[in-house]
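Where a number appears in this text, it was derived from the coordinates with a stated rule and is not lab data. Predicted model only: the values in this text are computed from it and were never measured. Every residue, glycine as well, gets a Cβ built from its backbone with ideal geometry; the counts of neighbours run over all protein chains shown.
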Amino acid sequence: MTAMAPSTVDYARQVAEQVLDPELPVLTLAELGVLRAVELAGDTVLVTITPTYSGCPALDEMRADLRKGLREAGFAHVEVRTVLSPAWTTDWISEDGRRKLTEHGIAPPRRIGPRLAGPVPLRLDPPSAVVPCPRCGSRDTVELSRFSSTACKALRSCSACAEPFEHVKEI
Ligand SMILES: [Zn+2]
C-alpha cells in the first residue's frame, strides 16, 4: 500500500456512502443523511445507520445493499447496526440531495427546523404549506394523494404545467 492509498476504513466509508437509498434511488445513503458511522473492528466493517420513515420497508433492503456493496469492494465481514436516536428527519437530507431530487422531478421536503421535545408540540416556525413544482417552479400546486409510489412520498399536481409530481413528505 502506498502513502497515497486511502486507509481501509476510509475506503469502506466511501463505498458505504455511495449505496443508493432503496426508496429514493436518486439519493445515496450519505445524501439521505442516514449513514451515521463506518468503523473497522478487526476485519469487520461496522456500519451504523438511522432508519428513515418507520412506515417505509426500506431498512432491510438498505442493510442488504450495504452488505452487498461492501462485500463486492472486498470486505468479507460487514455488520450493519441501526440507532434510533436522534431520530432521522427529512432535514437530514443534504443540499446536494435536495438538488438531485428536484432535478429528477421530485419536490424535496421543506425544512422543518429543530423540534421541541416535550408533551406540548409547539411550532414556532411552521413550514410553509407551499410545495413548489420541481419542473416549472410554480407555487400553485395541490396534493392529489397523501401516498404515492412509496409511503414516504405524496402525489401532487401543478396547476401551471398540469403535470403531476411526487413530493417527499416532511417528517
Ligand atoms: Zn409545474
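Of note:
- Between helix 58-72 and the chain there is an angle of about 40 degrees, using the helix long axis and the longest principal axis of the Cα atoms.
- The chain: calculated mean residue ellipticity at 222 nm from DSSP helix runs of at least 4, using -39500 (n - 2.57): -6500 deg cm²/dmol
- Using alpha-carbon coordinates, inclination of helix 8-17 to the longest axis of the chain, degrees: 20
- A quarter of the convex hull surface defined by the alpha-carbon atoms of the chain gives 12.2 nm² as the mean projection.
- Note: relative contact order over the range 8-82, using C-alpha pairs below 8 Å and six or more positions apart, is 32 percent.
- Kirkwood-Stokes translational diffusion coefficient of the range 8-82, alpha-carbon pairs, 37 °C, 0.692 mPa s, µm²/s: 272
- Computed about its Cα centre, the charge dipole of the chain is approximately 420 debye, with only Lys, Arg, Asp and Glu carrying charge at their Cβ.
- Ordering Leu155, Trp88, Ala73 by the projection of their Cα atoms onto the charge dipole of the chain, which places +1 on the Cβ of Lys and Arg and -1 on the Cβ of Asp and Glu, puts Leu155 at the extreme positive end.
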